[in-house]
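Shown next, in structure tokens, is the structure this report addresses.
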Amino acid sequence: MATDFQSIPLIDISPLVDKWDDPNMAQDKGVAEVVRQLDQACREAGFFYVKGHNIPISLIKEVRAIAHEFFDLPYEEKLKSKLSAATGYRGYQHVGENITKGIPDRHEAIDCYREVNHGMYGALGEPMQGSNVWPSNPGNFKKLMEEYVNLCTDLSRKIMRGIALALGGSEVEFEESIAGDPFWVLRIIGYPAATLANGEGMPKNDIGCGAHTDYGLLTLVNQDDGITALQVRNKSGEWISAPPIPGSFVCNIGDMLKILSNGIYESTLHRVINNSPTYRVCVAYFYETNFDAAIEPLDACVQQTGGMKRFEGAVYGKHLVSKVLTNFIY
Ligand SMILES: N=C(N)NCCCC[C@H](N)C(=O)O
Ligand SMILES: O=C(O)CCC(=O)C(=O)O
Ligand SMILES: [Fe+2]
């Protein structure tokens, strides 16, 4: 359950990153301390920063730098990678094309998903069928992003092992039928410099992205240094900022983990308010369950919460498709 948290904790996950594959990881003191901190953060905020993750800082920065390079290109150039229903909702969307609760967001983005081959998940997978639409300019964009996705997938699996232990399950609770074959989403997002308020010349609070929850298990946010824009809602409804901590990721829980944990953890509402005089980039990686996984509260979690399932089951792919089909203005 979310609390009235006033800040978002920073967790050094290096013991977990070192021992994630050790059959005795659960008995390790260092891992146990990480698990305790993950549990507390997930219960209180549903958000936490991680350091000690072992993804090279140079790559984290390069990914943002190449995103800036792409968004700096002329509009006609960016449109060559345009997203549409025909591309499986993969590719470039211009500012105002993505909507959240009916209101256009002030961001542009490239959306990428794990590849879905023709017929792979039957009717369920049809809207997402396709391969990613990578821009050919900058030249090494695809290669860099694919390398980044692989590292984020590995890191997310490790963090989810810690979260599985935190919930009283086995470390592999979220593998096999839940996320043994994880779906992933990558959103490379650009937020234009804030518009100026009439007359006063002061930046307005632009809604870069309206209040929403993420859809899957775990999100890894790689945001530009020096600009505070991401905000997280606490139990009283106050918006708490998640300022960038250089070299770290902001992590948060998605809707599938809320269901799996039977509400012990929640997918916390968050939004992006942009009043920065400079352009901001965020590369958000979403670690999701198997596309066709039928998600239900875990027994271990139901037992801890009075024995009743608090949520109906959900099929992840169905949840994703229902969002994707209502996320665009057309
Ligand atoms: N794949 C994820 N989680 N994307 C998050 C984007 C949230 C905004 C979207 N327009 C919405 O209304 O959901
Ligand atoms: O720009 C950000 O910091 C977060 C974006 C976000 O919440 C999302 O894409 O789901
Ligand atoms: Fe989000």
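Using the heavy atoms of the protein chains and a 1.4 angstrom probe, tell me the accessible area per residue for the range 10-324 in square angstrom.
Values: 12890 Å² over 315 residues.
I get 41 Å² per residue for the range 10-324.
Heavy-atom surface analysis with a 1.4 Å probe gives the range 10-324 a carbon and sulfur content of 50 percent of its accessible area.
Relative contact order (percent) for the chain, with alpha-carbon contacts under 8 angstrom and 6 or more residues of separation? Please report the intermediate quantities before stating the final value.
Working: 711 pairs, mean separation 71.2, N = 330.
Computed value for the chain: 22 percent relative contact order.
Could you point to the residue in Leu16, Gly125, Thr3 farthest towards the positive end of the chain's charge dipole, with +1 and -1 charges on the Cβ of Lys/Arg and Asp/Glu respectively? Working it through, the farthest residue towards the positive pole turns out to be Thr3.
Please list, by residue number, everything in the range 40-75 whose backbone N is under 17 Å from a paramagnetic label point 7 Å out along Cα→Cβ of Trp134. Inside the label zone: 59-60, 62-71.
Could you tell me whether the range 94-137 comes out rounded, prolate or oblate from its Cα gyration tensor? Rule is a ≥ b ≥ c as square roots of the eigenvalues, rounded for a/c under 1.5, then prolate if a/b exceeds b/c, otherwise oblate.
Numbers: a/c = 4.50, a/b = 1.52, b/c = 2.96.
Because a/c hits 1.5 or more and a/b fails to exceed b/c, the range 94-137 counts as oblate.
For the range 202-330, calculate the relative contact order in percent as a whole number, restricting contacts to Cα pairs under 8 Å that are 6 or more residues apart. Before the final figure, lay out the partial values.
Working: 245 pairs, mean separation 39.3, N = 129.
This gives 30 percent for the range 202-330.
Which value in deg cm²/dmol, rounded to the nearest 500, describes the helix-derived mean residue ellipticity at 222 nm for the chain, given -39,500 (n - 2.57) per DSSP H run of n ≥ 4 and division by the residue count?
Values: 8 runs with 88 residues, N = 330.
When only DSSP H runs of four or more count, the value is -8000 deg cm²/dmol.
Could you work out how far the C-alpha centroid of the range 3-54 sits from that of the range 131-188, in angstrom? So the two Cα centres are separated by 18 Å. The distance separating the Cα centre of the range 263-310 from that of the range 191-249 comes to 17 Å.
Counted over all Cα-Cα pairs of the chain, pairs farther apart than 26 Å make up 47 percent.
Using alpha-carbon pairs under 8 Å, 6+ residues apart, how would you state the relative contact order of the range 50-132 in percent?
Details: 95 pairs, mean separation 18.3, N = 83.
This gives 22 percent for the range 50-132.
The HN-Hα couplings worked out from phi for the range 48-60 by the Karplus form 6.51 cos²θ - 1.76 cosθ + 1.60 (θ = phi - 60°) are 7, 9, 10, 10, x, 8, 6, 7, x, 4, 4, 5, 4 Hz, whole numbers, x standing for Gly and Pro. Charge dipole of the chain (Cα centre as origin; +1 on each Lys and Arg Cβ, -1 on each Asp and Glu Cβ, all else neutral): 580 debye, rounded to the nearest 20. Amide H contacts of Lys82 (H built 1.01 Å from N, in plane; Pro and chain starts excluded): Tyr92 sit under 5 Å, all sequence-distant by 5 or more or on other chains. Rounded to the nearest 20, the size of the Cβ-charge dipole of the range 30-163 about its Cα centre is 320 debye, with Lys and Arg at +1 and Asp and Glu at -1. Between Leu73 and Met308, the simple label model (points 7 Å from Cα in the Cβ direction) yields a spacing of 5.4 nm.
For a test of the definition: using alpha carbon positions, the gyration tensor, and the 1.5 limit on a/c, classify the range 1-113 as rounded, prolate or oblate. Before the final figure, lay out each step's value.
Details: a/c = 2.70, a/b = 1.90, b/c = 1.42.
Here the range 1-113 falls in the prolate category.
If only the Cβ of Lys and Arg carry +1 and only the Cβ of Asp and Glu carry -1, the dipole of the range 147-199 around its Cα centre is close to 300 debye. The shape of the range 223-314 can be summarised by an equivalent ellipsoid whose semi-axes, obtained from the alpha carbon gyration tensor, come to 32, 15, 10 Å from longest to shortest.
The values are calculated or read from the model by the stated rules, or taken from the named source; none is laboratory data. These numbers were taken from a predicted model, which means no experiment stands behind them. Neighbour counts are summed over all protein chains in view; Cβ atoms, including those assigned to glycine, are modelled from backbone coordinates with ideal geometry. Please note that ligands, DNA and RNA were not included when accessible areas were found on the heavy atoms of the full protein model with its side chains. Shrake-Rupley method; radii C 1.70, N 1.55, O 1.52, S 1.80 Å.
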